[in-house]
1. Could you grab me the full set of residues in the stretch 47-66 that are free of Cβ contacts under 8 Å to residues at least 24 places away in the same chain and not in a helix (DSSP H, G or I)?
2. Within the group 56, 52, which residue is surrounded by 14 or more Cβ atoms within 10 Å (Cβ to Cβ), in contact with a helix residue (DSSP H, G or I) (Cβ under 9 Å, 6 or more places away or on another chain), of a type outside the set (Lys, Arg) and within 23 Å of residue 98 (Cβ to Cβ)?
3. Confirm whether residue 74 is hydroxyl-bearing (Ser, Thr, Tyr), assigned to a helix (DSSP H, G or I), free of Cβ contacts under 8 Å to residues at least 24 places away in the same chain and surrounded by fewer than 20 Cβ atoms within 10 Å (Cβ to Cβ).
4. I'd like to check something: does the stretch 113-121 contain any residue that is surrounded by fewer than 16 Cβ atoms within 10 Å (Cβ to Cβ), modelled with pLDDT of 85 or more and not in a loop (DSSP other than H, G, I, E, B)?
5. Kindly list the number of the only condition in (1) surrounded by 16 or more Cβ atoms within 10 Å (Cβ to Cβ); (2) modelled with pLDDT of 85 or more; (3) not β-branched (Val, Ile, Thr) that fails for residue 136.
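The values are calculated or read from the model by the stated rules, or taken from the named source; none is laboratory data. Nothing here was measured: the structure is a model prediction, and the numbers come from that model. A quick note on method: Cβ atoms are made from the backbone with ideal geometry, for glycine too, and the neighbour counts reach across all protein chains shown.
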Amino acid sequence: MHIKKIGLILGLLALTGCSAVTDTANTVNYVKEAKEFAGEVSSFSSDTTGLVRDAVNDETKRKELETQLKQMKSDVKEFTGLTPPESLQELHGQMESKAKSLEGGIDLYLKNIREGKLDTSFIEDHPLMKQVSDINKIYEDIKSLGN
């Protein structure tokens with residue numbers, strides 16, 4: 001009888017320990033993915049800022065911009081498809097909301113490119129980089145939890 005109880009207790013301890021290890025691994029993996037996404041967003045920001053203005057009058061730059069917008073949209077979809085660990089769900093929700101807003105801005109830019117309506121007033125009225133900045137701020141919050 002005592003052997004069964006000891007076995008049951010050891011089994012529960014092992015399962016609990018495995019759960020903690022899994023949670024830690026999930027958190028580490030999520031933070032790694034969030035860091036990668038934030039890096040992609042940051043690169044997008046620095047690569048796209050001047051390109052957007054150049055694309056108004058240059059067909060080659062417009063095609064380059066369109067390619068970068070489509071790639072960023074793909075990156076957003078990949079990130080928003082992640083399942084965050086429970087401890088980071090709130091921050092992920094905030095980052096996901098900003099990422100979806102970024103995706104909406106990208107869609108608007110792509111639509112205006114297709115329709116030939118990309119001009120300086122459109123760029124000034126639809127600041128795509130605001131969402132980029134917001135995403136980077138939320139990532140900094142996530143990163144600070146890992147320290």
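1. Of everything in the stretch 47-66, those that are free of Cβ contacts under 8 Å to residues at least 24 places away in the same chain and not in a helix (DSSP H, G or I) turn out to be 57, 58.
2. That would be 52, the only listed residue that is surrounded by 14 or more Cβ atoms within 10 Å (Cβ to Cβ), in contact with a helix residue (DSSP H, G or I) (Cβ under 9 Å, 6 or more places away or on another chain), of a type outside the set (Lys, Arg) and within 23 Å of residue 98 (Cβ to Cβ).
3. Yes.
4. Yes, because at least one residue in the stretch 113-121 is surrounded by fewer than 16 Cβ atoms within 10 Å (Cβ to Cβ), modelled with pLDDT of 85 or more and not in a loop (DSSP other than H, G, I, E, B).
5. Going through (1) surrounded by 16 or more Cβ atoms within 10 Å (Cβ to Cβ); (2) modelled with pLDDT of 85 or more; (3) not β-branched (Val, Ile, Thr) one by one, residue 136 breaks only (2).
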